[in-house]
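Data block below; observations after.
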Amino acid sequence: MVNIMVREEEILCKLRDAIVDLDVEGVQKACREAIDAGIPAYKAVTDGMAKGMEIVGEKYEKGEYFLAELIMAGETMKEGMKVLEPYLKGSEVEKIGKVVIGTVKGDLHDIGKNIVATLLGAAGFEVIDLGVDVPPEKFVEAVKHNNPDIVGMSALLTTTMIEMENVIKALKESGVRDKVKIIIGGAPVTKEYAEKIGADAAARDAIEGVNICKSWMTKK
Ligand code: B1M
């Protein structure tokens, strides 16, 4: 048991370090090792690669890494996700609800949003992913056209968080706000902020986000 835990810790550290070192081959290899060792794919993401992204962010703030390294880190994590995604998706399950999701206007960060979308799909949601840099009117159009149960928004920048409020205002003005539940997420987002702008929930991470969405469907 102790050996298994040590091995798991070792692989998670390898995943973290491969992201920090911008080592595409290393991250792919460590992802495969994680799967072979029976580490759940979501744990390889949250306790491995995402920890590396935090360090990359810190290095960027300290001036040790620059924009080029941020871009490379994003690409490295995406290559790792390609290995893990089949294991995150799970098998075909009966649909339990529909979610429209996107990264708000002005924001190009999509790694976290993509993880949330993949896990929602695995949990049985039909997911309509609007991509990145999504303006309020596109959220409104997607709600009118697809009639979802939930709208999910992601923002990673303090300067783009305000777009979440603009989306909620636009949904209200179009008369569709009360037809959907609204969940928001991303590093700068808090539960207090969700309350302030009139969202129904904020999620710290993808697992919490999916659990909140599932709980809404069982209460329906
Ligand atoms: Co950017 N960037 N970036 N970046 N980037 C941050 C966010 C930053 C914190 C780095 C730093 O300074 N420490 C900083 C923001 C500072 C701030 O606003 N306070 C920053 C900056 C400044 C910038 C630029 C402005 C840099 C520049 O151009 N000078 C620029 C902005 C571009 C734009 O969007 N307009 C920029 C660009 C980029 C890249 C494009 C190069 C790249 C993104 C690539 C991509 O996404 N395709 C990038 C990256 C990689 C980062 C960091 C290093 C990593 C982000 C990430 O992918 N994390 C980031 C540092 C950091 O976050 N510590 C940083 C891993 C991911 C799994 O976590 O996205 O948080 P995360 O998602 C989590 C949760 O937040 C949650 O679940 C996910 C999984 O558990 N979650 C949800 C997210 N959305 C959710 C939605 C939900 C529920 C949960 O419900 C709907």
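The values are calculated or read from the model by the stated rules, or taken from the named source; none is laboratory data. Just so it is clear, the model here is predicted, and its values are computed rather than measured. When we count neighbours, we look across all protein chains shown, and the Cβ atoms used for this are built from the backbone with ideal geometry, even at glycine. For the accessible areas, the whole protein counts, side chains as well, though only heavy atoms, and no ligand, DNA or RNA atoms are used. Shrake-Rupley method; radii C 1.70, N 1.55, O 1.52, S 1.80 Å.
Just a few scattered comments:
- Qualifying positions in the stretch 166-205 - out of contact with any strand residue (DSSP E or B) (no Cβ under 6 Å at 6 or more places or on another chain) and near the ligand (Cβ under 8 Å from one of its atoms): Ala187, Pro188, Arg204, Asp205
- Contact map, the stretch 133-146: residues that are away from the ligand (no atom under 16 Å from the Cβ) and open to solvent by less than 40 Å² (accessible area, probe 1.4 Å) paired with residues that are small (Gly, Ala, Ser) and not in a helix (DSSP H, G or I), Cβ distance under 6 Å, separation 6+ or inter-chain. Pairs shown: Val140/Ser174.
- Entry remark, the stretch 112-127: residues being touching a Lys or Arg at 6+ places or on another chain (Cβ under 7 Å) and not hydroxyl-bearing (Ser, Thr, Tyr) number 6 in total.
- Asp17 part of a helix (DSSP H, G or I) and more than 12 Å from the ligand (Cβ to nearest atom): yes
- In a residue-by-residue description of the stretch 188-205, the property of being closer than 17 Å to Leu108 by Cβ and either open to solvent by less than 40 Å² (accessible area, probe 1.4 Å) or not basic (Lys, Arg) (or both) applies to at least one position.
- Selection from the stretch 149-162 of residues that are in contact (Cβ under 8 Å) with a residue 12 or more places away in the chain and more than 11 Å from the ligand (Cβ to nearest atom): Asp149
- Index of the failed condition, Ala123 passing every other in (1) open to solvent by less than 50 Å² (accessible area, probe 1.4 Å); (2) near the ligand (Cβ under 10 Å from one of its atoms); (3) touching a residue at least 24 places away in the same chain (Cβ under 8 Å): (2)
- Residue in the stretch 48-67 that is open to solvent by 60 Å² or more (accessible area, probe 1.4 Å) and closer than 30 Å to Lys144 by Cβ present: no
- Selected residue (criterion: surrounded by the most Cβ atoms within 10 Å (Cβ to Cβ)) from residues of the stretch 91-102 that are more than 12 Å from the ligand (Cβ to nearest atom) and touching a residue at least 60 places away in the same chain (Cβ under 8 Å): Gly97
- Looking only at residues in the stretch 93-110 that are modelled with pLDDT under 95 and of a type in the set (Val, Ile, Thr), the one that is nearest to Thr76 (Cα to Cα) is Val93.
- Inside the stretch 26-83, residues that are assigned to a loop (DSSP other than H, G, I, E, B) and under 20 Å from the mean Cα position of the chain (by Cα) make up a count of 2.
To keep it simple, each residue is scored yes or no on (1) of a type in the set (A, V, I, L, M); (2) within 17 Å of Glu54 (Cβ to Cβ); (3) more than 9 Å from the ligand (Cβ to nearest atom).
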site: Gly74; (1), (2), (3): no, yes, no
site: Gly80; (1), (2), (3): no, yes, yes
site: Val83; (1), (2), (3): yes, no, yes
site: Lys89; (1), (2), (3): no, no, yes
site: Val104; (1), (2), (3): yes, no, yes
site: Leu108; (1), (2), (3): yes, no, no
site: Asn114; (1), (2), (3): no, no, no
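- Filter result for Met72 (crowded, with 21+ Cβ neighbours inside 10 Å and either within 22 Å of Ala187 (Cβ to Cβ) or out of contact with any strand residue (DSSP E or B) (no Cβ under 6 Å at 6 or more places or on another chain) (or both)): no
- Any hit, the stretch 20-43, residues being within 14 Å of the ligand (Cβ to nearest atom), hydrophobic (A, V, I, L, M, F, W, C), within 30 Å of Ile162 (Cβ to Cβ) and surrounded by 15 or more Cβ atoms within 10 Å (Cβ to Cβ): no
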